Amino acid sequence: MKILFIGGTGFISTSVSRQIVAFGHELFLLNRGKRGTNALGSQSLIADISRADEVRAALGGMKFDVIVDWIAYAPQDIERDLALFRGLTRQYVFISSASVYQKPPGRYIITESTPLCNPYWEYSRNKIACEERLMRAHREENFPVTIIRPSLTYDPQLPIAIGGWGCYTLCDRLKRGQPIIVHGDGSSLWVVTHAEDFGRGLIGLFGNPASVGHAFQITSDEVLNWNQIYGAIADALGVEPVIEHIPTDFIIKVVPQHTGGLLGDKTWSTVFDNTKIKTWVPGFQAAIPFREGIRRTIAQFDADERRRRVDPAVNQDMDTILAAWRAV
């Protein structure tokens, strides 16, 4: 297949890019070329997706079996893509988010038919609006959209609620015996998914005309609580964690920017029913347990000193919450 990624240099998309190349597909990555991290074997198209003339010049009239936009976050991004890609692909894949599902959930087991409603997180509301616009385009003009809803997916970064995203700050605190924060009592249920597992499900939908007009969630079936998630990270580092449990309401009162990620996502017990992706992609099964996947993640940090970046702002954030909690 001939596949175009918009973006393609993020944590998840880089992993999926490697898988696509390994499967022998022809992969093009359209981005500004700033990161220089395109997967080996892919072809680079340099353009700013927000500049239609640049994009059309870079594409040179090419058509694709599949186009995946990894960096569409708001309805205006969808209008741009509709204008650019109508008639250029047999399947347009929109990467949405499992955070679009009803919060608080009416039922902890989530399926693709769970209502889409998130009053706590603008990011999620924008993704919902994107989905609605694309489904209207599908109904009214047969635009060939497939919607994908990943949950907390990881590979080179730590899948955590508080402690930084893409940096080494949480690991540094754990190794130095400093306290880390787990929201609530740590017993709420959650699912983390390795990017390689996610990629197998996603690629299995590519080129399947029956998937057009549908939404799919792709996650692991392994269910952990947050104490187990943070405990597995500490175990991979060879240390005992010093955990302080702090109520979500208190955390977001002290640091309001956590409202979206916590009340809008990770506070609630969430378990995903993956029957649909397994039906459309026979044989699909997430195969990497978290205890193994997180050791791979830590090994990637160990192998590259530049990635062991400690973010002072993340440390300050956690220390502020801890100090406020201890003062109560």
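List of remarks:
- Residue within the stretch 129-138 that is modelled with pLDDT of 95 or more and within 17 Å of the chain's Cα centre (by Cα) present: yes
- Figure legend. Inter-residue proximity from the stretch 65-89: first residues farther than 23 Å from residue 25 by Cα and in the same structural domain as residue 145 (by TED's automatic domain parsing), second residues polar (S, T, N, Q) and surrounded by fewer than 15 Cβ atoms within 10 Å (Cβ to Cβ), beta-carbon distance below 8 Å, spacing 6+ or different chains. Indicated pairs: 80/50.
- For the condition hydroxyl-bearing (Ser, Thr, Tyr) and in contact with a Ser or Thr (Cβ under 9 Å, 6 or more places away or on another chain), residue 92 qualifies.
- Residue in the stretch 193-202 that is out of contact with any Gly (no Cβ under 8 Å at 6 or more places or on another chain) and farther than 28 Å from residue 13 by Cα present: no
- Test: residue in the stretch 45-58 that is hydroxyl-bearing (Ser, Thr, Tyr) and either more than 19 Å from residue 79 (Cα to Cα) or assigned to a strand (DSSP E or B) (or both): no
- The stretch 17-39, subset under 25 Å from residue 51 (Cβ atoms), in contact with a helix residue (DSSP H, G or I) (Cβ under 8 Å, 6 or more places away or on another chain) and not hydroxyl-bearing (Ser, Thr, Tyr), residue modelled with the lowest pLDDT: 38
- Qualifying residue in the stretch 231-246 (condition: touching a strand residue (DSSP E or B) at 6+ places or on another chain (Cβ under 6 Å) and either at pLDDT below 95 or assigned to a helix (DSSP H, G or I) (or both)): no
- Filtered residues of the stretch 107-151 (kept if within 13 Å of residue 73 (Cβ to Cβ) and assigned to a loop (DSSP other than H, G, I, E, B)): 121
- If the condition is being surrounded by 15 or more Cβ atoms within 10 Å (Cβ to Cβ), touching a residue at least 40 places away in the same chain (Cβ under 8 Å) and closer than 11 Å to residue 215 by Cβ, then the stretch 102-126 contributes only 112.
- Flag for residue 33 being in contact with a Phe, Trp or Tyr (Cβ under 8 Å, 6 or more places away or on another chain), among the small types (Gly, Ala, Ser) and in a loop (DSSP other than H, G, I, E, B): no
- Test: residue in the stretch 258-281 that is exposed (fewer than 14 other Cβ atoms within 10 Å of the Cβ) and part of a loop (DSSP other than H, G, I, E, B): no
- Total residues in the stretch 61-75, condition surrounded by fewer than 14 Cβ atoms within 10 Å (Cβ to Cβ) and either part of a strand (DSSP E or B) or at pLDDT 95 or above (or both): 2
- Subset of the stretch 266-279 (residues that are in contact with a helix residue (DSSP H, G or I) (Cβ under 6 Å, 6 or more places away or on another chain) and farther than 24 Å from residue 162 by Cβ): 277
The values are calculated or read from the model by the stated rules, or taken from the named source; none is laboratory data. Note that the coordinates shown come from a computational prediction; the quantities given were computed from them, not determined experimentally. When we count neighbours, we look across all protein chains shown, and the Cβ atoms used for this are built from the backbone with ideal geometry, even at glycine.
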